[in-house]
Amino acid sequence: MDTFVIAGKTFSSRLIIGTGKYGSHEIMRQAHDASGAELVTVAVRRVNVTDRSKESLLDFIDPARYALLPNTAGCYTAEDAIRTARLAREVGLSEWIKLEVIGDERTLFPDNAGLLEATRVLVKEGFVVLPYTNDDPVVCRKLEDAGAAAVMPLGAPIGSGLGIQNLNNIRIILEFAGVPVIVDAGVGTASDAAIAMELGVDGVLMNTAVAGARDPVAMAGAMKLAVIAGRQAYLAGRIPSRRYATASSSPDGLVTGD
Amino acid sequence: MRITLNGEPHELAEPLTIARLLATLEIDPRRVAVEHNLVIVKRAAYHTTTVHPGDQVEIVNFVGGG
């Protein structure tokens, strides 16, 4: 039985999905349903105290079906990320944290120094830390040594839809990782998710690829299939790539004028 | 009396507990986390933590994100 375990918790879906950028909470709910995901990310923000009419996001996420993975999106320092993580945990719905310490506004690439610092602090405080990082095998190893429950290298910049930009680095990260490797960020369409899974990664996390698609519910369904297909192909053991042809049938017995 | 609530000035008639503050704002306490003067307030302490003039309160919840 091919199971996906993070910090002792077993999932049957290897697709983790976000809750941001949907046209409506209802579309989000349907997309989540179509995706088969069991873990969804949420961000932490101030309550809008002047406009109480907004629907609550949590009304559209069934706690019996989905576990929550709060993130520290928007945090540019370890201090802010740690503060946000503590607040997220205090809501009382999850001890898990997708840890983001951002180093650059345009690329949203991580500040790995801050990320490592925040990881160490939060691991000590008992959080299950899933750090969003880049495709740097050295940083991934350091994060794992610092106690991260998984490592989450980006495929490409958040929301870019560029797909897996550095296949070889992801492969290297996988080779040395002792914790699950989840490709997080940059997936654009189904084949990107399948490609990541074919490399052998443990899971894929995405938000924009689904929420920003013309038909998010259909795309969520496609992603579900892509993650399953990619995983199955990986487990099936692909053929090696060759430079030239190898015929599918032996030439013996061919009816020919020769 | 004035406090800072979620980064903005906020008027209150008198000191009140976090629990009362959430109730008057119609905020479900089970869906938020609260910071009072940069210290996280445990939910069990909402009824016993009082907000005074000049205090800084942050009330956060979960919103959409990736």
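What follows draws every value from the coordinates through simple rules; no lab data is involved. Please read these numbers as outputs of a predicted model, since none were measured by experiment. Heads up, the Cβs are rebuilt from the backbone with ideal geometry, glycines too, and the neighbour counts pull from every protein chain shown.
Peptide A:37-43 shows a mean partner chain C-beta count of 3 within 10 Å per residue C-beta. Each residue of segment A:216-232 is assigned a 3J(HN,Hα), and the resulting list reads x, 5, 5, 5, 4, x, 5, 5, 4, 5, 5, 5, 5, 4, x, 5, 5 Hz, derived from the Karplus form 6.51 cos²θ - 1.76 cosθ + 1.60 (θ = phi - 60°), x at Gly and Pro.
For segment B:2-61, give the magnitude of the charge dipole about the Cα centre (Cβ charges: +1 Lys/Arg, -1 Asp/Glu; no others), in debye to the nearest 20. Could the numbers behind the result be given before it?
Working: 6 positive and 8 negative charges, 59 e Å.
That gives segment B:2-61 a dipole magnitude of about 280 debye.
Beta bridges assigned by DSSP with both partners in segment A:1-134 are antiparallel in approximately 25 percent of cases. Under 5 Å from the amide H of residue B:16 lie the amide H atoms of B:51, each residue being 5 or more positions distant or on a separate chain, with H modelled from the backbone and absent for Pro and chain starts. As a length-normalised measure over Cα pairs under 8 Å and 6 or more apart, the relative contact order of segment B:2-61 settles at 48 percent. Taking only the C-alpha atoms of chain A, the Rg (one decimal) and the largest Cα-Cα distance, Dmax (whole number), read 20.3, 88 Å.
Using bins of 10 Å that start at zero, the share of Cα-Cα pairs per bin across segment A:1-137 amounts to 11, 38, 37, 13, 1, 0, in whole %. Database remark: amide H of residue A:109 closer than 5 angstrom to the amide H of A:103, A:104 (H placed geometrically; neighbours at sequence offset of 5 or more, or on other chains; Pro and chain starts carry no H).
Let me know the mean shielding of A:82-90 by other chains, meaning the per-residue number of their Cβ atoms within 10 Å of its Cβ. Intermediate results must be reported in sequence, preceding the final value.
Details: counts 0, 4, 2, 0, 3, 9, 4, 2, 9.
The shielding value for this peptide is 4.
Each peptide in A:132-141, B:36-45, A:23-32 receives the mean, over its residues, of other Cβ atoms within 10 Å, and ordering these scores from highest gives A:132-141, A:23-32, B:36-45. Taking label points 7 Å from Cα along the Cα-to-Cβ direction, residue B:8 and residue B:30 give a separation of 2.8 nm.
Of the residues A:189, A:118, A:152, the one whose Cα sits farthest toward the positive end of the charge dipole of segment A:38-194, with +1 on the Cβ of Lys and Arg and -1 on the Cβ of Asp and Glu, is A:118.
Counted over the protein assembly as shown, the DSSP beta bridges are approximately 50% antiparallel.
What is the ratio of the Cα radius of gyration of chain B to 2.2 N^0.38 Å, with N the residue count, to two decimals? Don't skip to the answer; put the middle values down first.
Numbers: Rg = 11.5 Å, N = 66, 2.2 N^0.38 = 10.8 Å.
Working it through for chain B, the quotient is 1.07.
So what is the relative contact order for segment A:4-236, in percent, with contacts set as C-alpha pairs under 8 Å and at least six apart? Each step should come with its number before you reach the end.
Values: 495 pairs, mean separation 48.0, N = 233.
Relative contact order of segment A:4-236: 21 percent.
Residues whose amide H comes within less than 5 Å of that of residue A:44, counting only those at least five positions distant or on another chain, are A:71, A:73, B:63 (H built at 1.01 Å from N in the peptide plane).
Give me the dipole magnitude in Debye, nearest 20, for segment A:16-170 about the Cα centre, with unit charges on the beta carbon: positive for Lys and Arg, negative for Asp and Glu.
180
Take the alpha carbon atoms of segment A:37-83, find their center, do the same for chain B, and report the distance between the two centers in whole angstrom. The distance from the Cα centre of segment A:37-83 to that of chain B comes to 17 Å.
Run through the DSSP bridge list for segment B:2-61 and note the antiparallel percent, rounded to the nearest 5. The partial results should precede the final answer.
On the way: 14 of 16 bridges.
Beta bridges within segment B:2-61, antiparallel portion: roughly 90 percent.
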